[in-house]
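In what follows, a structure is listed as structure tokens, so that the remarks can point back to it.
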Amino acid sequence: MTTQAEPRRSWWREHSELGICAVLVALGGLVLVDAIRIPTDFAQRGPVGPKAVPVVVGVALIVVAVLLARDVLRGGRGEAEGGEDVDLSAPADWRTVLLLCGAFLANAALIGVVGFPISGAILFWGAAYALGSRHFVRDPLIAAGLSVVTFVLFDNVLGVPLPGGPLVGVL
Amino acid sequence: MDVFANLMEGFATALTPTHLALAALGVLLGTAIGVLPGIGPAMAVALLLPVTYGLEPTGAFIMFAGIYYGGMFGGSTTSILLNTPGESAAVVAAIDGNPMARKGRGAQALAAAAVGHFVGGVIGTTLLVLLAPTVAKYAVDIGAPDFFAIMVLAFIAVTSVLGASRVRGFASLLIGLTIGLVGLDEMTGQQRLTFGSLHLADGIDVVVVAVALFAVGESLWVAAHLRRKTSEAIPVGRPWLGRADVKRAWKPWLRGPFIGFPFGAVPAGGAEIPTFLSYVTEKRLSKHRGEFGKGAIEGVAGPESTASASAAGTLVSMLTLGLPTTAVAAVMLAAFQQYGIQPGPLLFQRESALVWGLIASLFIGLVLLLVLNLPLAPVWAKLLRIPRPYLYAGILFFASVGAYAVNADVFDLLVMFVIGLLGFAMRRYGLPVLPAIIGTILGPAAEQQMRRALQLSDGSLVGLFNTPFSIAVYAVVAVLLAWPLVRRLVRKPPPVEPSPQVEREKVDA
């Protein structure tokens with residue numbers, strides 16, 4: 001490794017897959033710490049208690065993380081998944097991803113407060129906006145329509161309850 | 001044999017007006033969702049799962065059968081008309097199907113695929129009827145060590161046979177096993193990885209995991225790399241086949257199932273390998289070898305029939321052993337568990353009406369598929385032109401509906417978000433998704449069997465190997481694990497440092 005800042009940054013970029021190793025190690029550590037904490041003295045039934053499998057999984061996670069790191073440092077690369085709508089030649093578009101996450105979390109935050117018909121519409125419109133749709137009349141109309149139809153279909157026809165929110169009282 | 005009587009009873013269950021309507025609805029929904037670009041059968045089934053929540057189990061599974069076959073069929077339409085297969089089983093169909101469509105023979109390609117699905121499905125399902133009760137009968141006698149061995153085999157097969165990199169497959173599997181650990185230990189009631197949260201004490205619902213990995217992960221991943229100009233689907237008329245086409249296609253249709261069915265039944269990754277084998281076989285046997293790759297109808301007919309039969313083969317191990325061999329089967333297993341039904345050897349005894357109703361509706365679904373989809377093909381083709389923002393917004397929308405509907409709990413949406421981010425990272429770094437799903441579903445079951453086996457042997461590890469069956473399975477596992485090493489030894493002198501675990505297949509095109 002050189003000391004200059006510039007190539008170093010690109011080295012990390014080249015080997016960003018090591019982040020996966022870090023996640024695996026963290027996960028393995030978490031599983032192990034949690035496993036050690038399980039009290040077994042009174043609950044043990046049979047020769048193998050509730051600790052054994054988490055310990056094995058935790059250790060295996062760390063072992064696989066090390067093996068993966070070795071593979072990455074030797075030049076191995078996980079192949080990014082292609083797909084019909086995936087253009088791998090372009091760099092990742094983080095703005096779209098963040099907007100999409102925002103739309104998703106907005107639904108999670110609002111569903112209990114304003115009910116599914118409204119929060120679902122916000123999710124759909126937000127996600128469509130994030131993905132580049134800019135029809136300011138058509139988009140919200142489709143979002144509202146889809147959301148209300150889904151709500152009625154699930155809640156009334158299929159018998160799967162969704163929260164209606166204050167809107168249902170008005171209707 | 002009382003198999004026939006059972007099957008007739010199944011038809012009696014499935015042919016009531018309500019159940020028939022559910023089967024038709026399932027076929028239509030399954031095809032519609034499966035046709036949508038970017039949605040493979042597994043995601044289609046996972047997204048449509050909540051639709052069945054309000055139904056009683058038999059109706060739900062009859063509808064599910066329709067969704068299953070519909071989704072499989074829809075995938076090949078995308079393959080043929082867009083040249084961009086949504087899932088591995090449909091990859092081969094694109095090799096010749098798309099050139100056919102580009103030559104203006106899209107209608108014939110779709111018809112060859114549809115009839116192939118029908119023939120493969122009928123033969124495959126018939127084999128399922130003949131084999132499944134027998135397998136179930138023998139499986140009743142196999143014990144905990146055998147089950148554990150089969151599950152180990154499933155874990156190893158799903159990480160080693162598929163995908164380019166074993167270490168990444170194992171990483172994915174372990175992530176799945178970790179997710180499966182969350183909740184109360186079934187034997188002692190101890191909390192594991194719950195961090196004191198009551199929400200987590202029940203474990204993470206498999207449906208939430210599946211939808212998160214397939215739908216949310218996929219949407220985020222596509223969003224990061226969205227192709228701004230989508231490829232144009234080839235317009236197509238009503239599918240039909242000329243006499244010459246049928247003459248060339250009927251043998252591949254009939255051969256396909258016998259390649260597809262056995263591969264579907266063993267844990268070797270579903271339809272990917274058999275469809276490829278079928279393609280190679282048809283190419284070798286064809287008189288029109290030169291046409292392959294440029295639009296040979298045999299190259300569509302054979303693999304499609306194979307894929308459909310392998311879907312039926314998958315059901316053998318799923319219903320009789322509770323062992324999912326593909327992502328779709330994994331989601332279906334989750335659906336069974338949702339109803340508190342555990343697929344396995346006892347299923348045919350305990351839930352006889354449900355199983356035979358399900359099998360009968362597979363036949364009905366196949367007929368409906370043929371009757372509905374041939375006339376509707378132009379409509380399905382239009383679905384390929386859906387604007388991508390709406391498509392992926394819709395996927396996220398229905399994923400949220402599905403995850404929320406499981407327990408009516410916002411917490412599940414947050415869990416789905418976190419696992420969705422994980423799915424995003426896995427796609428970015430080439431970690432296959434299937435091992436994670438299989439790990440989540442089979443992990444807890446495997447642990448139970450292992451502990452039960454060791455309980456019987458009083459803690460001695462011999463308890464895991466003390467049946468001939470389990471020894472045979474472990475031998476297969478050993479071969480799978482050693483295979484890359486063996487192959488390298490055979491091909492060339494051993495390298496300085498043999499490391500089969502890390503060395504990846506370098507596929508230089």
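Here, each number is a calculation from the coordinates, and none is a lab measurement. These numbers were taken from a predicted model, which means no experiment stands behind them. So basically every Cβ, Gly included, is an ideal-geometry build from the backbone, and we count neighbours across all protein chains shown.
Extension gain B:Arg102-B:Leu254, at 0.36 nm per residue separation less the Cα-Cα distance, in nm? Each step should come with its number before you reach the end.
On the way: separation 152, 0.36 × 152 = 54.72 nm, distance 2.64 nm.
Gain on stretching B:Arg102 to B:Leu254: 52.1 nm.
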Q. Between B:Leu372 and B:Phe469, what is the spin-label point distance in nm, taking each point 7 Å from the Cα along the Cα→C-beta axis?
A. 3.8
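Report the extension gain between B:Thr134 and B:Lys247 in nm, rounded to one decimal, defined as 0.36 nm multiplied by the number of residues separating them, less their alpha carbon distance.
Working: separation 113, 0.36 × 113 = 40.68 nm, distance 3.61 nm.
So the chain would gain 37.1 nm between B:Thr134 and B:Lys247.
If R0 is 45 Å, what FRET efficiency do you get for B:Asp458 and A:Leu18 from their C-beta distance, rounded to 0.05? Please list the in-between numbers first.
On the way: r = 44 Å, r/R0 = 0.98.
Once rounded, the FRET efficiency stands at 0.55.
Using a Förster distance of 22 angstrom, determine the FRET efficiency expected from the C-beta separation of B:Arg488 and A:Val63, and round it to 0.05.
0.50
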Q: Using only the alpha carbon atoms of the stretch B:3-490, find the Kirkwood hydrodynamic radius as the inverse mean reciprocal pair distance, in angstroms to one decimal.
A: 22.7
Q.
Run the numbers for B:Arg385 and B:Ser352: contour at 0.36 nm per residue of separation, minus the present Cα-Cα distance, in nm.
A. 7.6 nm
Q) So what does log10 I(q)/I(0) come out to for the protein assembly as shown at q = 0.05, 0.06, 0.07, 0.10 Å⁻¹, using the Debye formula with one equal point on every Cα and no solvent? A) -0.23, -0.33, -0.45, -0.97
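For B:Val401, B:Val473, B:Val418, A:Val31, what ranking results if the residue with the fewest other Cβ atoms within 10 Å of its Cβ goes first? Walk me through the intermediate numbers first.
Values: B:Val401 24, B:Val473 21, B:Val418 12, A:Val31 27.
Taking fewest neighbouring Cβ atoms as first place, the list is B:Val418, B:Val473, B:Val401, A:Val31.
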Q. R0 = 45 Å: FRET efficiency of B:Lys287 with B:Leu481, Cβ-based, nearest 0.05?
A. 0.60
